[in-house]
Amino acid sequence: MFEPSDRPRLFGLAPGADFPADLLKGLLERMKNRPPQDLARVELVVNTRRMARRIRGLLDTGPALLVPRIRLLTDLHCAEPVPPAISGIRRRLELIRLISALLDAEPDLAPRAALYDLADSLAKLLDEMQGEKVSLDDIRNLDVTDLSGHWARTQKFLSIVGGLDTDREAPDPEERQRKVVEALIREWEVNPPRHPVLLAGSTGSRGATHLLMQAVARLPQGAVILPGYDFHQPDRIWSQLDDALTAEDHPQYRFRKLMTGLGLEPSEVQDWHPATTGPAQRNRLISLALRPAPVTHQWLEEGPDLGDLIPATEGVTLLKAPSPRAEAMAIALRMREAAETGQTCALITPDRQLTRQVSAALGRWGITPDDSAGIPLQVTPPGRFLRQVAQLLIAPPTAVELLTLLKHPLAHSGTGRGRHLGLTRRLELYLRHKGRPRPTPEDIRAFAATERLQDVAPRWADWICTHAFGAAAPAPEPLDDRVTDHMALAEVLARGCLDETGSGDLWTRDAGEEAQRVMSALVEDAPHGDAFAARDYTDLVGAIISGGEVRNADEPHPGLLVWGTLEARVQGADLVILGGLNEGSWPEAPKPDPWLNRQMRQQAGLLLPERNIGLSAHDFQQAVAAREVWLSRSIRSQDAETVPARWLNRLTNLLSGLPESGPAALKQMEARGNRWLSLARQVETPTPIPPARRPAPRPPMEARPRDFYVTEIERLIRDPYAVYAKKVLRLSSLNPLMREPDVMLRGDVSHLVLEDFVSGVAQGTVPLDAGVFLQMAREVLDRQVPWPETRLLWHARLARVADWFVAHEGARQEEAAEILNERKGTARIEALGVSLSARADRVDRDHHGRLHIFDYKTGKPPSEREQKFFKKQLPLEAAIAELEGFGKTGPMPVARAVYIGLSNPPEEAHAPLEETSPAQVWAEFTQLMERWLDPEQGYLSRRAMREVRFNGDFDHLARFGEWDETDDPDRMDLT
């Protein structure tokens, strides 16, 4: 293929070239006059499996010919035996064992929750050290003049690497790759291959790959083909790329390093296929824009020589969206047009949030792009299910955790899934009604006893109690036992209570198969791990699952592609969209290195953080030279301004500073982007819908409620619509699963404390003493309130009022002949068919046959004015007492009705019975009921709320917000 030469061979393809297609064109051009079998002897080494598939696909399109041997960089073979690489999980388990021992000895070094992260970081550092041939002694001998405490801690962790059993039977992946490359180079030195060997598509950023590229370039029939080589960069710029500390973030730095190692000058790099050199004028523009920072003054010198830039930027669209959502919608619209016109469109971005938003926007038109990154395993159903099941090993589930698990699509996915879901929904209502934030097996079995599906419910309850509540094992156990138990528990929860064998749908389809592969790999390597506590094991499983990826299960559109930057380096498309061109996204912000700073990495010979920035710059330089390209970014992200990517910033600054055509070209680029932003706004503009009117429904008379509790009368006055929703529509708000220590619970607990204490004093079993009162309060709080902080706070509040309450209670006890707690009374308006009921907190009968009605309030009691117009509870209870009585007392006169307020300060608030007698209150109530039984009366929403900001349970049903309290009511007659 090549003429004999004593000089290494380096070729390049300019940015903008379709690398696989042009690579084949150059190869076939060189082999066209040679026998067909010579092409089959060509060995083509590429860096990604996707690129190998693309080359094979191009060859399969014809014409018929013998094809070259295509190999991956990671699948090289040599005569010298090299053992397979150690699995990543095994290496991390070994490191976890050593780190755990170190943290046991020195717990202040790091939290145990960081075990896996520390092991993962150390494993990556070890892999990199072996790939770059850096020893632990090289790290120890670094010149650190200021031996800070941080470096001392780092040394302790790095010493762990020296304690690893890194025998030659299980090298790390980078070490194995380097050994294979070194063995192959030794073979070539003795017996170089006579057939052509081409290494294509790699930039040589890793040490082993860099060595291989140099060796291939020196072979008698070897050559290296570089992607995105800048043929327009002057020699004086190349010479400034020798210092890694200042030049590694430049897109051509790795090529300069390779040329220096081979002893070549830039002029000796040949064009692999000159017929496809990419858009030359745009490449000159980009090359000038990406000059190293110290020489950007050359923009003024060389910029005018670029000529008319309108043709160079004709296919470039600059999209500056106001928000990430607008950016995603504009991109989705352009990709949709590409699908309709038959274009191949590739979205290239490292921003996974943007790709998800674009995919969601395309989903509204039923379009699924071909996403090379797939879906993270941890967000798929099997990944989520395995993580949820692992949580059961730590402690029995809370109500939220239990129902989340039972509602998972893989739970009970064997026989009887429908019955399982029905029972789960009714169990949720049961737990909400009973207020069980932490249910017990007894609660589950009590629910099953009430179920109508008696043939399934007991067995279903036993299944939950045995496996969900009986799985907790927080103490350390051997890892292989942990993994086995975890997978067995996941399978039994997936198959359900009606099957004896199987695993339901847990391991089915692509996501299930990937989950099984990941867990099987953990099973295989588990003997190398130490004993794990349940919490540490859960962290380990979550981290391992997060590394898995699943290809999209749906059939993607073949012409709409979503690529990461790695795939984009060696691919081509009709339209390329560079999305998320903001600092921190592209290039991605360097991840903090917990071990070595930048200067120490340089001294040791490790990769610098700028390496990834330089690779991203190279990706940008390649992609921006596409025939049609979008440069897209959002001006704001969340609530903050964004900073444009440095390369985009350089390009726009260069264009805006050039005379004549530069600003005009930039303006046209932005105009093309603004057009798509305008289309995106039109798509996102909602269809105007007239707002709802303020409801005041008028149901028929037979549907109107006639039975009330006294506590509902205030709601009937303030928010009649809430009464309509509850009593006519029969709706009710659900209690939260995880009940918070709210005002209602505090009131219930306080009432229970007061009732127990008052009854005990009345019966003579409890002394009237503040200390006894507080002791009883503590017992009730311990029994009823599961939150330690809340128990202390509420006990302190009761302690503030204990002396006051005991002092006043003595007077009440002396006056009372009988004390009745929680007694119910009901009175009726026979003419209207209306009944009013009440359950009084406390009713005392004095020695004169009069009743004293008390109501306990944990907050401030209502004022007399509030009781006069809205809070009618005590006056109405007094009326019921005089008309019908409470319990078995019969009608009796009421001496007083009093709120006992336990706020700070405590107080007693009397109902204004002298001003408005019980008889008058009952007459007013009768009048109120007559009004609500008037067919013309509507149940108005938010009639007289105590505060405008107060939210009612049914405001969303009334569509409050589309109207306000100043709007006229919409009186709708219902049938």
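Taking the range 916-959 as the region of interest, how many residues are closer than 26 Å to Ser863 by Cβ, touching a residue at least 40 places away in the same chain (Cβ under 8 Å) and not in a loop (DSSP other than H, G, I, E, B)?
Matching residues across the range 916-959 total 9.
Listed here are the residues, each with its yes/no results for (1) of a type outside the set (A, V, I, L, M); (2) over 22 Å from the mean Cα position of the chain (by Cα); (3) buried (at least 21 other Cβ atoms within 10 Å of the Cβ).
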position: Ile375; (1), (2), (3): no, no, no
position: Glu442; (1), (2), (3): yes, yes, no
position: Phe447; (1), (2), (3): yes, yes, yes
position: Thr450; (1), (2), (3): yes, yes, no
position: Trp460; (1), (2), (3): yes, yes, yes
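Can you tell me which of Glu567, Glu524 is assigned to a helix (DSSP H, G or I), over 15 Å from Leu377 (Cα atoms), in the same structural domain as Thr349 (by TED's automatic domain parsing) and of a type outside the set (Phe, Trp, Tyr)?
Of Glu567, Glu524, the one residue that is assigned to a helix (DSSP H, G or I), over 15 Å from Leu377 (Cα atoms), in the same structural domain as Thr349 (by TED's automatic domain parsing) and of a type outside the set (Phe, Trp, Tyr) is Glu567.
Just checking: which of the helices (runs of 4 or more DSSP H) contained wholly in the range 66-142 hold 2 or more residues that are closer than 30 Å to Met51 by Cα? Give the derivation first.
Numbers: elements: 88-105, 115-131, 136-140.
Ranges flagged: 88-105, 115-131.
What's the number of the condition His433 fails, among (1) over 30 Å from Ile89 (Cα atoms); (2) surrounded by fewer than 18 Cβ atoms within 10 Å (Cβ to Cβ); (3) without any contact (Cβ under 8 Å) to a residue 60 or more places away in the chain?
The single condition His433 does not satisfy is (3).
Please give the number of the condition Ala293 fails out of (1) over 30 Å from Val45 (Cβ atoms); (2) surrounded by 16 or more Cβ atoms within 10 Å (Cβ to Cβ).
Result: Ala293 passes all but (2).
Among the residues of the range 676-725 satisfying the criterion of being without any contact (Cβ under 8 Å) to a residue 60 or more places away in the chain and surrounded by 13 or more Cβ atoms within 10 Å (Cβ to Cβ), which is nearest to Gln873 (Cα to Cα)?
Glu712
Determine whether the range 861-868 contains at least one residue that is surrounded by 14 or more Cβ atoms within 10 Å (Cβ to Cβ) and in a loop (DSSP other than H, G, I, E, B).
yes
Could you please let me know if Ala881 is in the same structural domain as Asp844 (by TED's automatic domain parsing), in a helix (DSSP H, G or I) and of a type in the set (A, V, I, L, M)?
On the way: in the same structural domain as Asp844 (by TED's automatic domain parsing): yes; in a helix (DSSP H, G or I): yes; of a type in the set (A, V, I, L, M): yes.
Yes; evaluated as a whole, the condition is true for this residue.
Looking at Glu524, Glu549, Glu514, can you tell me which residue is over 25 Å from the mean Cα position of the chain (by Cα) and of a type in the set (Asp, Glu)? Walk me through how you get there before you give the answer.
Working: Glu549 fails: over 25 Å from the mean Cα position of the chain (by Cα); Glu514 fails: over 25 Å from the mean Cα position of the chain (by Cα).
Only one candidate qualifies: Glu524.
Out of Tyr939, Tyr899, which single residue is surrounded by 18 or more Cβ atoms within 10 Å (Cβ to Cβ), of a type in the set (Phe, Trp, Tyr) and in the same structural domain as Glu864 (by TED's automatic domain parsing)?
Values: Tyr939 fails: in the same structural domain as Glu864 (by TED's automatic domain parsing).
Residue meeting the stated conditions: Tyr899.
Considering Arg438, Arg535, Arg445, which residue is touching a residue at least 40 places away in the same chain (Cβ under 8 Å) and assigned to a helix (DSSP H, G or I)?
Numbers: Arg438 fails: assigned to a helix (DSSP H, G or I); Arg445 fails: touching a residue at least 40 places away in the same chain (Cβ under 8 Å).
Every option except Arg535 fails the conditions.
Among the residues of the range 467-482, how many are over 26 Å from Ile444 (Cβ atoms) and in a loop (DSSP other than H, G, I, E, B)?
Going through the range 467-482 one residue at a time, the tally reaches 1.
With respect to Arg517, determine if the residue is part of a helix (DSSP H, G or I) and either modelled with pLDDT under 90 or closer than 30 Å to Ile55 by Cα (or both).
Working: part of a helix (DSSP H, G or I): yes; either modelled with pLDDT under 90 or closer than 30 Å to Ile55 by Cα (or both): yes.
Considered against the rule, which asks whether it is part of a helix (DSSP H, G or I) and either modelled with pLDDT under 90 or closer than 30 Å to Ile55 by Cα (or both), Arg517 comes out as yes.
From Arg694, Arg746, grab the single residue that is assigned by TED's automatic domain parsing to the domain that holds Ala770 and either at pLDDT 95 or above or touching a Phe, Trp or Tyr at 6+ places or on another chain (Cβ under 7 Å) (or both).
On the way: Arg694 fails: assigned by TED's automatic domain parsing to the domain that holds Ala770.
Among Arg694, Arg746, only Arg746 is assigned by TED's automatic domain parsing to the domain that holds Ala770 and either at pLDDT 95 or above or touching a Phe, Trp or Tyr at 6+ places or on another chain (Cβ under 7 Å) (or both).
I'm checking my understanding of the structure. Among residues of the range 14-33 that are touching a Gly at 6+ places or on another chain (Cβ under 7 Å) and among the hydrophobic types (A, V, I, L, M, F, W, C), which one is surrounded by the fewest Cβ atoms within 10 Å (Cβ to Cβ)?
Taking the candidates together, the pick is Ala21.
Return the residue satisfying two criteria in turn: it lies in the range 401-430 and is without any contact (Cβ under 8 Å) to a residue 24 or more places away in the chain and part of a helix (DSSP H, G or I), and of such residues it is nearest to Glu513 (Cα to Cα). Give the derivation first.
Here is the first cut: in the range 401-430, the ones without any contact (Cβ under 8 Å) to a residue 24 or more places away in the chain are 401, 404, 407, 418, 421, 424-425, 430.
Now restrict to residues that are part of a helix (DSSP H, G or I): 401, 404, 418, 421, 424-425, 430.
On the way: Glu401: 25, Thr404: 23, Gly418: 25, Leu421: 25, Thr424: 27, Arg425: 30, Tyr430: 36 Å.
Among those residues, the one meeting the criterion is Thr404.
The values are calculated or read from the model by the stated rules, or taken from the named source; none is laboratory data. Note that the structure is predicted; figures quoted are calculated from it, not measured. Ideal geometry is used to build each Cβ from the backbone, glycine not excepted, and the neighbour counts take in all protein chains shown.
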